[in-house]
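One structure is given below, encoded as structure tokens.
The values are calculated or read from the model by the stated rules, or taken from the named source; none is laboratory data. What you are looking at is a predicted structure, and each value in this text was computed from that prediction instead of being measured. With ideal geometry, Cβ positions are generated from the backbone for all residues, glycine too; neighbour counts draw on all protein chains shown. Side chains are part of the model used for accessible areas, which takes the heavy atoms of the whole protein and leaves out ligands, DNA and RNA. Shrake-Rupley method; radii C 1.70, N 1.55, O 1.52, S 1.80 Å.
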Amino acid sequence: STDLYPTNFISVVLPSTMTMKLVATAFAALATQQHVAAFAPAVGRGYSASSALRMAETTALSQDELKKMVGYKSVDDYVESGMVVGLGTGSTAYFAVERLGEKLKSGDLKDIVAIPTSVRTKEQAEELGIPLVTLDTHSKLDVAIDGADEVDPDLNLVKGGGGALLREKMVEVCADKFIV
């Protein structure tokens, strides 16, 4: 149910079980809501809902390409220098962590600290030189970025039953914005 998520919850899921047509339609609908941002050409960004749908139907991208696009765009659009960032776990979050590391290395972002939600994400962030902290020292996050396993036609998200679920939920609750 939608009451489980705060109004700052931003839904941008590209699950493997949905067709591109349904994804484009969902994003077009989401972009018309005031408190939601979507990672797809949509109403309010110079595109109509029908153009977003046509683009999705004619663009044949793999799931990994879509996840990379979403992960990179989440960092590009929502992370700014000086922020505390929650780093999710999973294939889409992997690309967000990768992009954050690239932007820190290039100097596009500075003074970022991050809180990983799993050992795997922690190891990836350390390899990329992303400074890490914990919820003990930084209990207020500016943004948390993660993925979801599935989304239904009503845009209800399913977060998996993986070992990082509790840590993901803790980080997401502490974030001003949650990008998924």
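Taking the stretch 97-153, which GluC sites (Glu not before Pro) meet the DSSP loop condition and have no more than 12 other C-beta atoms within 10 Å?
On the way: sites: E98, E102, E123, E126, E127, E150; in loops: none.
Within the stretch 97-153, no GluC sites (Glu not before Pro) qualify (loop, at most 12 other Cβ atoms within 10 Å).
In this simple spin-label approximation, D77 and V113 carry label points 7 Å from Cα along the Cα→Cβ vector, and these lie 2.8 nm apart.
Sort Y94, Y72 by heavy-atom solvent-accessible area, probe 1.4 angstrom, most to least. Can you show the working numbers first?
Numbers: Y94 105, Y72 40 Å².
Solvent-accessible surface, decreasing: Y94, Y72.
In straight-distance terms, cross-link reach from K140 covers every one of the lysines whose alpha-carbon lies under 25 Å from its own, apart from those fewer than eight places away in the same chain; here that gives K73, K103, K105, K110, K122, K159, K169, K177.
Share of carbon and sulfur in the accessible area of the stretch 94-176 stands at 52%, probe radius 1.4 Å. Accessible surface ranking for S81, S74, 1.4 angstrom probe, highest first: S81, S74.
Per residue, how much accessible surface does the stretch 59-180 expose to a 1.4 Å probe? Answer in Å², no decimals.
Averaged over the residues of the stretch 59-180, the accessible area is 50 Å².
Between T134 and A60, what is the FRET efficiency for a Förster distance of 35 Å, r being their Cβ-Cβ separation, to the nearest 0.05?
Calculated value: 0.25.
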